[in-house]
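Below is one structure; the comments refer to it alone.
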Amino acid sequence: MQQILDAIQSGASSDDIAALPIPESYRAVHVLAEEQEMWAGVPSREKDPRKSLHVGEVPTPELAPDEVYLAVMASSINFNTVWSSIFEPISTFGSLKRLARESEWARRHDLPYQVVGSDASGVVLRVGSAVRNWKPGDRVTVHCNYVDDQDASSHDDSMLGSNQRIWGYETNFGGLADMCVVKANQLMPKPAHLTWEEAAVNALCNSTSYRMLVSRNGAQMKQGDVVLIWGATGGIGAYAAQYVLNGGGIPVCVVSSPDKAEILHKMGVEHVIDRAAAGYQFWKDERTHDESEWRRLGKDIRDLCGEDPDIVFEHPGRSTFGASMYVTKKGGTVVTCAATSGFMMEFDNRYFWMRLKKLVGSHFANYKESWEANRLISKGMIHPVLSQTFALDQTGEAAYQVHHNMHEGKIGVLALAPEAGLGVTDQELRDKVGDKLHLFRR
Ligand code: NAP
């Protein structure tokens, strides 16, 4: 790996990088199939990613014709890394077995370990024989939509593909490693003004928020729309807030501390609700909603901006979903991509049908949406929300922090990059973007 790193850092040519030997094994963060039951009977909060995420050498898989080997300079923690590490809502080893049944190449994924991680920035080392648009030496970021391009169902919106998967979560050979294997159609150009770790944290969350708010497949936000954003300094929420500001909407952001509110004010968000200070109790007990609390939230939103939300950006799930469906404006849209606090949702349908609202389910993003979201980052119009950077060996601790909501924005993880701050090739744009790159830094 040192030879690869030296070549990258010395700016070696494409031919020189193509001539480098591919190591037979590499360092990777992985979960073990034999530990799938290790948390039986343990409450979710007590399941500790530091115990189930292992860092060690794994053998390098063979390269399929449509894939590339990538030297990973940096990666990031996504909530799906937390899900993988606590084996919730299901263990991901079942996904690997189902994938393995699809083809000879897919069979490689069914192993007693899974290398996790659904983001990466890095340098292409080798391309498979069918790869056309990329070559060794290319500096890239990776999006996690793992698509079967030989399946008709993938060819309208690839997120509708019947066997669509999330790389590094529902596949093996993910990005929290010194090297990874990705399909060529997951690659996007690395934004030149960003460091490796800044470039690594965007693709999953940024593309998800783009699809939810901007794309025709999501809520199709328009100028002037009031958008209620839960978790507005979290991974997806922090990009959502930027999209609303960028698109001429009016964000109403919900967070749980004054420090988080301050970050949003610095970003240019006027209306922020501190849910901890407000003390909303949307549930009286585990089974009974408190509608008066939905109304209180609605009143707080009206007091701030004078209107009900046209769009609610929903992902906390069971704890907030009833309130989200209630406060949305007549004819408005709730767009949801997750259910962190529980996936069995309940809401009062009378406020839904009588007020002609819409509910849109959304999941990651197709290649075009990811590319557009990456393009906005590359142009310095949307910014990475990196708050901290950990070493690969500390991935368990980083995932623990996300599991316990101890973080803001995104946590980056250095893989081959020997230190933070490397990889910038467009200093002029970086200077132009300026402080916006540091709003989330601790
Ligand atoms: P994150 O960085 O942990 O941020 C989530 C934020 O939501 C937290 O910072 C917290 O903010 C807020 N929150 C958490 N529990 C809440 C509750 N019970 N009530 C109200 N707010 C709550 O996670 P993320 O990366 O943004 O991801 C959020 C969810 O989306 C996860 O479940 C993740 O798996 C999912 N996701 C799905 C996709 C997809 O493609 N389907 C893509 C990305 C993420 P405050 O404490 O400040 O309010």
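Each value in this text was obtained by applying a stated rule to the coordinates, not by laboratory testing. Everything numeric here is computed off the predicted structure, so don't read it as measured data. Cβ coordinates were reconstructed from backbone atoms using ideal geometry, including for glycine residues, and neighbour counts include every protein chain displayed.
Counting 0.36 nm for each residue step from Thr60 to Asn405 and taking away their Cα separation leaves a gain of 120.8 nm. Counting helices only, and only those DSSP H runs with n ≥ 4, report the 222 nm mean residue ellipticity of the chain as the sum of -39,500 (n - 2.57) divided by its residues, in deg cm²/dmol to the nearest 500. About -8000 deg cm²/dmol. For segment 19-132, the Kirkwood estimate of the hydrodynamic radius, built from every pair of different alpha carbons, is 15.6 Å. Were the residues from Asp156 through Arg45 laid out at 0.36 nm apart, the gain over their Cα-Cα distance would be 36.0 nm. Potential lengthening of the chain between Asp15 and Lys266 amounts to 85.8 nm, from the contour at 0.36 nm per residue minus the alpha-carbon distance.
Decide, for segment 70-127, between rounded, prolate and oblate: order the square roots of the alpha carbon gyration tensor eigenvalues as a ≥ b ≥ c, take rounded if a/c falls under 1.5, and otherwise choose prolate if a/b is larger than b/c, else oblate. It comes out oblate by the Cα gyration axes. Report, ordered by chain and residue number, the lysines lying within cross-link reach of Lys190, taken as a straight Cα distance under 22 Å and ignoring same-chain residues fewer than 8 apart. Filter leaves Lys135, Lys368, Lys379, Lys410, Lys432, Lys436.
Distance from the C-alpha centroid of segment 366-388 to that of segment 132-204: 14 Å, rounded to the whole angstrom. Hand me the tally of lysine pairs in segment 219-361: alpha carbons under 25 angstrom apart, and the pair either on different chains or 8 or more positions apart. Value for segment 219-361: 18. Report the per residue volume, in Å³, of the convex hull enclosing the C-alpha atoms of segment 98-256. Considering the Cα atoms of segment 98-256, their hull volume per residue is 147 Å³. Counting Lys and Arg as +1 and Asp and Glu as -1 over every other residue whose Cβ lies under 10 Å from the Cβ of Trp39, the net charge comes to -3.
Under 14 Å from a label point 7 Å along Cα→Cβ of Asp290: give me every residue in segment 300-329 with its amide N that close. Counting backbone N atoms under 14 Å from the label point, the list is 320, 323.
Label reach from Glu307 (point 7 Å along Cα→C-beta): in segment 234-254, amide nitrogens under 16 Å belong to 244-253.
Net charge in the neighbourhood of Trp134 (other residues with Cβ under 14 Å of its Cβ; Lys, Arg +1, Asp, Glu -1) is +3. Between Asp274 and Arg98, the simple spin-label model (points 7 angstrom out along Cα→Cβ) gives 4.4 nm.
Once the convex hull of all Cα atoms in segment 139-219 is built, its volume per residue stands at 109 Å³.
Taking a Cβ cut-off of under 13 Å around Ser118, the surrounding Lys, Arg, Asp and Glu residues balance to a net charge of 0, with basic ones at +1 and acidic ones at -1.
Our note on the geometry: Cα centres of segment 52-119 and segment 1-48, 10 Å apart. With q set to 0.11, 0.21 Å⁻¹, the log10 of I(q)/I(0) for segment 219-361, from the Debye formula over equal scatterers at the Cα positions, is -0.35, -1.42. The alpha carbon convex hull volume per residue for segment 115-161 rounds to 118 Å³. Place a label point 7 angstrom from the Cα of Val424 along the Cα-to-Cβ direction, then list the residues of segment 192-216 whose backbone nitrogen is under 11 Å away. Label zone hits: 193-196. Measuring how big the chain is from its alpha-carbon positions, Rg and Dmax come out at 21.4, 67 Å.
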